[in-house]
Amino acid sequence: MKNHQGQKLSRSMNLFDVVCLGINGIVGAGIFLLPGKLAAVTGSFSILVFVICGLLCLAIALCFAEMGGIYQETGGAYIYARNTFGPMTGFMVGWMMWLSAIIGWAAMARGLLLYLRYFSPSLSEGWIGEIIIITLILGLSTLNFLGVKTGARVINFFTIGKLIPIFIFVACGLPHIETTSLNQIFSFEVDKVGAAIVIALFAYTGFEYMPVLAGEMKRPKRDIPIAFFLVILGTTLIYVFVQTVATGTLPGLAQSEKPLADAAAGFLGPAGGILIAVGALLAIAGVNSGIALTGPRNLFALSADGLFPAVFSKIHPRFHTPYVAIGVNTFLTLTLSLTGTFEYLIFASVLVSILQYIPTCLAVIVLRRKRPDIQKSYTIPGGYIIPCLALLTCFWILFQIKLIIIIATLGGIALCLPLYFFRKSTLDKD
């Protein structure tokens with residue numbers, strides 16, 4: 001199939017914007033909830049669990065970095081799969097990316113209500129909660145309609161806004177750490193490490209959003225590989241410090257449902273708990289803004305290649321944004337967020353994310369063998385070791401997810417095949 005993408009999108013995102021997009025996509029609600037769950041499984045060894053997860057995710061991220069150093073079109077993993085394995089595989093990956101964005105956005109919109117309960121239960125219940133969800137989704141969609149730079153600035157704001165409470169938590173908490181709480185950091189039960197790694201890995205998904213906006217970056221081939229390094233390493237450092245402070249300052253960490261808020265209240269007083277609650281709200285709102293920006297670009301890329309009706313790739317003449325795709329994503333996300341449950345949406349979103357990592361990791365290996373002369377701005381060192389490690393990580397994670405969720409998600413993916421063959425037959429006739 002012919003690639004119909006044109007260069008009508010505005011290339012206005014710089015390296016700082018791309019890094020903020022990545023950090024914002026990863027650092028969400030998870031870090032405000034996971035410290036207690038990890039401590040319950042592995043105790044103080046949970047600090048090193050984040051180090052292990054950072055290395056595993058870095059392997060996957062380096063595959064995205066190598067592929068991002070080749071292509072500069074909008075679409076990310078969809079482009080990598082399409083150009084390496086053909087239009088059908090590319091379409092399925094693009095469909096998964098689009099589903100992931102809609103499901104993830106709906107989940108994060110509902111997740112916002114969970115944190116609003118810290119201030120008042122009434123804010124997360126009944127018609128008030130529904131109005132908050134509708135206002136959030138419509139507001140972010142409007143901002144993204146006004147231009148990619150506007151959307152990027154919103155993400156930058158939320159990224160900085162949620163990092164400030166985390167940095168305060170770490171800076172103020174480090175002097176209060178009881179070193180005896182860290183004595184067992186190298187002690188662990190082998191049979192529990194796997195479960196802990198799966199829990200922690202859920203806090204890392206989101207870095208795949210970065211290359212989706214390559215068509216709107218000033219220097220994508222240079223900035224994408226650099227951004228992956230900075231984002232994964234920076235996020236891992238944040239997680240390790242947060243887990244260290246939580247472990248060293250909150251004796252009942254393993255029993256806490258709001259671990260950072262409880263820990264902060266211990267060494268900062270009631271104001272500390274409020275600070276962390278605000279940080280959690282900013283984190284979730286930030287993830288919402290990131291998905292709101294990248295999600296419509298997945299639909300745009302599929303449409304621009306003729307795999308979806310051409311109307312979805314229309315670009316606004318003034319704001320240079322895919323306004324029809326933004327409208328469709330907004331409608332579907334609103335529908336799903338008002339009808340779906342938070343827990344299912346989270347697991348389905350993570351599963352679809354993992355399924356799109358696999359073709360990207362495979363593409364690195366295949367392109368090296370089939371097209372060794374292709375120009376790239378970055379090559380993963382060590383031959384095939386890191387891409388193979390990334391693939392093993394992805395498949396291992398899949399085996400940890402409940403079968404019913406896998407079956408339901410694969411069913412949703414299978415729905416795309418009739419649409420693909422219909423569009424393909426139409427294009428072949430043309």
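Which of the residues that make up the stretch 352-395 are under 23 Å from TYR204 (Cβ atoms) and free of Cβ contacts under 8 Å to residues at least 40 places away in the same chain? Answer for the stretch 352-395, where residues must be under 23 Å from TYR204 (Cβ atoms) and free of Cβ contacts under 8 Å to residues at least 40 places away in the same chain: ILE358, ILE365, PRO381, GLY382, TYR384, ILE385, CYS388, LEU391, LEU392, PHE395.
Checked against the criterion of being open to solvent by 50 Å² or more (accessible area, probe 1.4 Å) and within 20 Å of VAL212 (Cβ to Cβ), the candidates TYR378, TYR323, TYR357, TYR384 yield just one match: TYR323. The criterion of being out of contact with any helix residue (DSSP H, G or I) (no Cβ under 7 Å at 6 or more places or on another chain), open to solvent by 20 Å² or more (accessible area, probe 1.4 Å) and among the β-branched types (Val, Ile, Thr) holds for THR142. In this structure, is THR333 among the hydroxyl-bearing types (Ser, Thr, Tyr), modelled with pLDDT under 90, surrounded by fewer than 16 Cβ atoms within 10 Å (Cβ to Cβ) and more than 19 Å from PRO211 (Cα to Cα)? Against the criterion (among the hydroxyl-bearing types (Ser, Thr, Tyr), modelled with pLDDT under 90, surrounded by fewer than 16 Cβ atoms within 10 Å (Cβ to Cβ) and more than 19 Å from PRO211 (Cα to Cα)), THR333 does not qualify. Among the helices (runs of 4 or more DSSP H) confined to the stretch 362-430, the ones with at least 2 residues that are over 19 Å from ALA65 (Cα atoms) and touching a Pro at 6+ places or on another chain (Cβ under 9 Å) are located at 416-429.
Within the stretch 291-311, residues that are more than 13 Å from ILE102 (Cβ to Cβ) and hydrophobic (A, V, I, L, M, F, W, C) sit with their Cβ atoms under 6 Å from residues that are at pLDDT below 80 and open to solvent by 10 Å² or more (accessible area, probe 1.4 Å), at 6+ positions apart or across chains, in these pairs: ALA304/HIS4; ALA304/GLN5; LEU307/ARG423. When GLY206, GLY215 are screened for being open to solvent by less than 10 Å² (accessible area, probe 1.4 Å), under 30 Å from PRO296 (Cβ atoms) and over 15 Å from the mean Cα position of the chain (by Cα), only GLY215 passes.
Does PHE395 count as surrounded by fewer than 19 Cβ atoms within 10 Å (Cβ to Cβ), aromatic (Phe, Trp, Tyr) and modelled with pLDDT of 85 or more? Yes, satisfied. Report whether or not LEU302 is under 24 Å from ALA203 (Cα atoms), open to solvent by less than 40 Å² (accessible area, probe 1.4 Å) and under 21 Å from the mean Cα position of the chain (by Cα). Answer is no for this residue.
Taking the listed residues ILE199, ILE155, the one that is at pLDDT below 85 and out of contact with any Ser or Thr (no Cβ under 8 Å at 6 or more places or on another chain) is ILE199, with no other qualifying. All of PHE158, PHE169, PHE241, PHE188 fail the test of being part of a loop (DSSP other than H, G, I, E, B) and surrounded by 18 or more Cβ atoms within 10 Å (Cβ to Cβ), apart from PHE188.
The values are calculated or read from the model by the stated rules, or taken from the named source; none is laboratory data. Nothing here was measured: the structure is a model prediction, and the numbers come from that model. Note: ideal-geometry Cβ built from the backbone for every residue, glycine included; neighbour counts use all protein chains shown. To get the accessible areas, we keep the full protein, side chains included, count just its heavy atoms, and leave off ligands, DNA and RNA. Shrake-Rupley method; radii C 1.70, N 1.55, O 1.52, S 1.80 Å.
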